[in-house]
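Peer 1: Following this message is one structure expressed as structure tokens.
The values are calculated or read from the model by the stated rules, or taken from the named source; none is laboratory data. Fair warning: this is a prediction, and the values are worked out from it, not measured in the lab. In this analysis, Cβ positions are derived from the backbone assuming ideal geometry, glycine residues included, and neighbour counts consider all displayed protein chains. Heavy atoms of the whole protein, side chains included, go into the accessibility calculation; ligands, DNA and RNA do not. Shrake-Rupley method; radii C 1.70, N 1.55, O 1.52, S 1.80 Å.
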Amino acid sequence: MDEHRLGLKPVYRRVWAPRGRTPLAWVRPRYRWLYVYGFVRPSTGESEFWLLPTVNAAVFSEVLRQFARLRGSGGRKGLLVVLDRAGWHVSRRVEVPEGVGLVFLPPYSPELQPVERVWPLVDGVVANGRVDSEEELWERVEARCAYLQTQLELIRSHTLFHWWPGGC
């Protein structure tokens, strides 16, 4: 599980262009954000995305609670959620639902977090382009996340590391 920030500030990617010509990307940078909370299960490619306007311990607690409820945790079923050490993940104000265990990665190790490799797939809908409004940004990202949730093999190929339980 991890969060990713997207906004009206453009995302630039490399593109092919004829030799000697500079490619142009028409953008209009502004500083409004949305946060994509992403859960992935590397062994199966299952993913779930939540789009929210902010990130903090209270919102993270609510997302965890809803995720646990949807996945049926508690009683005899437990969920392990692998997290980085962002301030809102380790805050004392985080309320961890019954049946959910939090496993923290070592500090400064984003390369160990499987969901980090999904963010470029999410960014694809806004890369090198202009988004005119927050509504358009939310619509594009929502549609992209809905599409990615149906692409189990694509998600699996990006997140299932050889060392991950059930890996290659």
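Peer 1: Scan the range 48-86 residue by residue and report those that are in contact (Cβ under 8 Å) with a residue 24 or more places away in the chain and open to solvent by 50 Å² or more (accessible area, probe 1.4 Å).
Peer 2: Across the range 48-86, the qualifying residues are 56, 58, 65, 69, 75.
Peer 1: In the range 97-117, how many residues are within 17 Å of residue 157 (Cα to Cα) and either touching a helix residue (DSSP H, G or I) at 6+ places or on another chain (Cβ under 6 Å) or open to solvent by 20 Å² or more (accessible area, probe 1.4 Å) (or both)?
Peer 2: The total comes to 5.
Peer 1: Would you mind telling me which numbered condition in (1) within 22 Å of residue 160 (Cα to Cα); (2) of a type outside the set (Asp, Glu); (3) in a loop (DSSP other than H, G, I, E, B); (4) within 16 Å of the chain's Cα centre (by Cα) residue 44 fails?
Peer 2: (4)
Peer 1: Are any of the residues in the range 121-144 touching a His at 6+ places or on another chain (Cβ under 9 Å) and open to solvent by 60 Å² or more (accessible area, probe 1.4 Å)?
Peer 2: no
Peer 1: Please go through the range 95-140 and give me each residue that is in contact (Cβ under 8 Å) with a residue 24 or more places away in the chain and in a strand (DSSP E or B), ordered by number.
Peer 2: If the condition is that a residue be in contact (Cβ under 8 Å) with a residue 24 or more places away in the chain and in a strand (DSSP E or B), then 100, 127 are the ones that fit.
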